[in-house]
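Asks: Below is one structure. I have some questions about it.
The values are calculated or read from the model by the stated rules, or taken from the named source; none is laboratory data. Keep in mind that what you see is a predicted model, and the values were worked out from it rather than measured. Counting neighbours? That spans all protein chains shown, and the Cβs are built from the backbone with ideal geometry, glycine included. Heavy atoms of the whole protein, side chains included, go into the accessibility calculation; ligands, DNA and RNA do not. Shrake-Rupley method; radii C 1.70, N 1.55, O 1.52, S 1.80 Å.
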Amino acid sequence: MKSALITGVTGQDGAYLARFLLNKGYKVYGLIARRSSETFWRLDYLNILEEVELIEGDLTDFSSLISAIYKSRPDEIYNLGAQSFVGTSWDQPLLTSNVSGIGVTNLLEAIKLTNNQTKFYQASTSEMFGLVQNAVQNESTPFYPRSPYAVAKLYAHWMSINYRESYDMFTACGILFNHESPLRGKEFVTRKITDAVAKIKMGFQKELRLGNIDAKRDWGFAGDYVEAMWLMLQQENADEYVISSGKSTSVRELCDIAFEYVGLDYRDYIVIDPTYFRPAEVQVLLGDSSKAKEKLGWYPKTDLNDLIKIMVDADLKRVNTKETMLKS
Ligand code: NAP
Ligand code: GDP
């Protein structure tokens, strides 16, 4: 039986990846950072909390990574742990650098010193393209990060490649474009919108305050994207791959789709609030994942319109359940 260690297992991608690997027959270990309250709601939502073996550890604590590797003896390590929210990275640039940047070097060193045959996946990001240098971004597009988060991720990306080239380690980097789901954190704009749509529809919220609604992203479904992570580690050689939907949509259009789905007009509810504007913005992203299609046989399966409807439905259900519980 193959075994995998996932950092960030309590996050959106960690939960979907854990379920995917369990379905493939893996023994799955998850690294969990100590928090004062439980963070298992996503693993619960997918009904896999009992099946994942949890190991305490933190990307900023080198010794905890060494002992997590000793305990799990993994064939594959998926590094999904990060301070992953771009907005917060301006408020906490040092923490972001430590977790999403240096944390990766901690993990690479831990692998090098324990078993450098372990296959390693690094969660790189389209945010590294930032101020885009080509209209469509692929693996050879130059990077231009625009936030402390993106800078930390770019450092981690090159460190992963450097360990491959220096120590012959298997380090694959997935340059994933934005991917969403009902398990997305509410600070991200898609889930902020679908949560608000559900609450407005049910009469619990009056307006939705947003920042730059002309920003465009290439959005896909997280459940589709975790398969690409696994495929990257099944190849003979480690490499970098862009994973994207190949369509760019504005936040405004996203609002239109989500509100229209419940019979409302977004223009009646959106308030533009300068507090949500960023010090430096990534205005537009659009990925080309032809390489992943050709080499991994991967392509996105879920259409954005369907994804938004799935997210709105899930949030309507949550709002209704909460309301029923409050009444009882
Ligand atoms: P997420 O939901 O924010 O999950 C982040 C995970 O990292 C959580 O499990 C969190 O634990 C954990 N974590 C935070 N600080 C840690 C630390 N110091 N040590 C160990 N674990 C720590 O993120 P996601 O959307 O699943 O994304 C997964 C990865 O892909 C991240 O690296 C992200 O930057 C990258 N990425 C995401 C996207 C996207 O669109 N989702 C696109 C490209 C790349 P707690 O639950 O305890 O906080
Ligand atoms: P990101 O691409 O990782 O930064 O994902 P987000 O979902 O946080 O943001 C996507 C885009 O939506 C960015 O260009 C934001 O500036 C824009 N945006 C506009 N209003 C908001 C908002 O209220 N919250 C967030 N998170 N993003 C917003």
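Asks: Which of the three applies to segment 46-124, rounded, prolate or oblate, going by the alpha-carbon gyration tensor with a ≥ b ≥ c and a/c under 1.5 meaning rounded?
Replies: On the way: a/c = 2.01, a/b = 1.34, b/c = 1.50.
Verdict is oblate for segment 46-124.
Asks: Let me ask something else about it. When the helix-only estimate is applied to the chain (DSSP H runs of n ≥ 4, each -39,500 (n - 2.57), divided by the residue count), what is the mean residue ellipticity at 222 nm, nearest 500 deg cm²/dmol? Don't skip to the answer; put the middle values down first.
Replies: Numbers: 11 runs with 130 residues, N = 328.
Result for the chain: -12500 deg cm²/dmol, rounded to the nearest 500.
Asks: Using alpha carbons only, how many degrees (0 to 90, rounded to 10) separate the axis of helix 148-167 from the longest principal axis of the chain?
Replies: Roughly 20 degrees, rounded to the nearest 10.
Asks: Over the chain, what relative contact order in percent results from Cα pairs under 8 Å that are six or more residues apart? All intermediate terms of the calculation are to be shown ahead of the outcome.
Replies: Working: 629 pairs, mean separation 55.1, N = 328.
It rounds to 17 percent for the chain.
Asks: May I ask which of 27/192; 24/247; 112/247; 112/186 have a Cα-Cα span longer than 32 Å here?
Replies: Correct reply: 27/192; 112/247; 112/186.
Asks: With a/c under 1.5 counting as rounded, go ahead and sort segment 92-144 into rounded, prolate or oblate using the C-alpha gyration tensor (a ≥ b ≥ c being the square roots of the eigenvalues; past the cut-off, prolate if a/b is larger than b/c, else oblate). Walk me through the intermediate numbers first.
Replies: Numbers: a/c = 4.18, a/b = 1.63, b/c = 2.57.
Note, shape of segment 92-144 comes out oblate.
Asks: Rounded to the nearest 5, what is the percent of antiparallel bridges among the DSSP beta bridges in the chain? Please list the in-between numbers first.
Replies: Details: 2 of 36 bridges.
Of all bridge pairs located within the chain, approximately 5 percent are antiparallel.
Asks: Measure nothing but the geometry: give the 0 to 90° angle between the long axis through the Cα atoms of 189-201 and the longest principal axis through the Cα atoms of the chain, rounded to 10°.
Replies: Approximately 30 degrees, to the nearest 10.
Asks: Of 217, 252, which has the most accessible area and how do the rest follow, probe 1.4 Å? Before the final figure, lay out each step's value.
Replies: Working: 217 20, 252 90 Å².
Ranked list, largest accessible area first: 252, 217.
Asks: By its C-alpha gyration tensor, with a ≥ b ≥ c as the square roots of the eigenvalues, how is segment 1-80 shaped: rounded for a/c under 1.5, else prolate for a/b larger than b/c, else oblate?
Replies: Numbers: a/c = 1.94, a/b = 1.10, b/c = 1.77.
It comes out oblate by the Cα gyration axes.
Asks: Taking +1 at the Cβ of each Lys and Arg and -1 at the Cβ of each Asp and Glu, which of 152, 296, 1 sits farthest along the dipole of the chain towards its positive end, judged by Cα position relative to the Cα centre?
Replies: 1
Asks: Quick one: net charge of residue 180's neighbours, Cβ under 13 Å, K/R +1, D/E -1? Working shown, then result.
Replies: Working: positive: 184, 186, 191, 192, 217, 309; negative: 13, 187, 195, 218, 224, 303, 306, 315.
Within the 13 Å Cβ shell, the charges total -2.
Asks: So, one more: Amide H of residue 285: which non-local residues (sequence gap of 5 or more, or other chain) have their own amide H closer than 5 Å, using H built in the peptide plane?
Replies: When sequence neighbours closer than 5 places are left aside, the close amide H contacts are 216, 217, 218.
Asks: List, in order, the whole-Hz ³J(HN,Hα) value for each residue of segment 8-20 obtained from phi through the Karplus relation with A = 6.51, B = -1.76, C = 1.60 and θ = phi - 60°; use x for Gly and Pro.
Replies: Residue by residue, segment 8-20 yields x, 5, 7, x, 4, 5, x, 5, 5, 5, 4, 4, 4 Hz.
Asks: So, counting K/R as plus one and D/E as minus one, what does the shell of residues with Cβ under 9 Å around residue 123 add up to? Can you show the working numbers first?
Replies: On the way: positive: 153; negative: 13.
That works out to 0.
Asks: Using only the alpha-carbon atoms, how far is helix 62-72 inclined from the longest principal axis of the chain? Give it as 0 to 90 degrees, nearest 10.
Replies: Roughly 80 degrees, rounded to the nearest 10.
Asks: Now for a different question. Along segment 292-304, what does the Karplus equation 6.51 cos²θ - 1.76 cosθ + 1.60 (θ = phi - 60°) give for ³J(HN,Hα), rounded to whole Hz, x for Gly and Pro?
Replies: Calculated HN-Hα couplings, in order: 5, 5, 6, 8, 9, x, 9, 8, x, 10, 9, 6, 4 Hz.
Asks: Nearest 20 debye, what's the magnitude of the dipole of segment 34-177 about its Cα centre given +1 on Lys and Arg Cβ and -1 on Asp and Glu Cβ? Numbers along the way, then the final one.
Replies: Numbers: 10 positive and 16 negative charges, 67 e Å.
The dipole magnitude comes to about 320 debye.
Asks: So what's the gap between the Cα centers of segment 267-311 and segment 11-42, to the nearest angstrom?
Replies: Rounded to whole Å, the Cα centres lie 24 Å apart.
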